[in-house]
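Notes follow once the structure below has been shown.
The values are calculated or read from the model by the stated rules, or taken from the named source; none is laboratory data. Here the structure is a predicted model, which means the values were calculated and not measured. Cβ atoms come from the backbone with ideal geometry, glycine included; neighbour counts cover every protein chain shown. SASA here: full protein model, heavy atoms, side chains in, ligands and nucleic acids out. Shrake-Rupley method; radii C 1.70, N 1.55, O 1.52, S 1.80 Å.
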Amino acid sequence: MADTWVGRLDEAAGRRLQDELGRENYAFKPQDHAWWNARGPDTVVTWYRSGKLVVQGRGAEAFVTRFLGEGAQRRGGGASERVEPTLRHAEIGS
């Protein structure tokens, strides 16, 4: 079963994540309303222009643990506030 994790990144954190994923050979492609969409082992990661970061796939939890740590923030949250997963089940529709 695939997991989905939703959080927020500021611009600097989003660029650092993009650089790190590039070094890890994630495949990037353009996506509407997003800075980038990247596909890696067991995950698809999309960073939207709104600052929302969506991590999907069987490896979502491991991705968040490995790459985000303290860098992920809730909208309007402080720098040390960690984001907890907001979706832990399959969702149909929009």
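Here are a few things to note about the model shown:
- Note on the stretch 1-15: residues that are aromatic (Phe, Trp, Tyr) and open to solvent by 30 Å² or more (accessible area, probe 1.4 Å) total 0.
- Enumeration of residues in the stretch 29-44 that are loosely packed, with under 14 Cβ neighbours inside 10 Å and assigned to a strand (DSSP E or B): LYS29
- Matching residues, the stretch 16-27, being free of Cβ contacts under 8 Å to residues at least 40 places away in the same chain and surrounded by fewer than 14 Cβ atoms within 10 Å (Cβ to Cβ): ASP19, GLY22, ARG23, GLU24, ASN25, ALA27
- Selection within the stretch 45-79 - assigned to a strand (DSSP E or B), open to solvent by 30 Å² or more (accessible area, probe 1.4 Å) and modelled with pLDDT of 85 or more: TYR48, LYS52, GLN56
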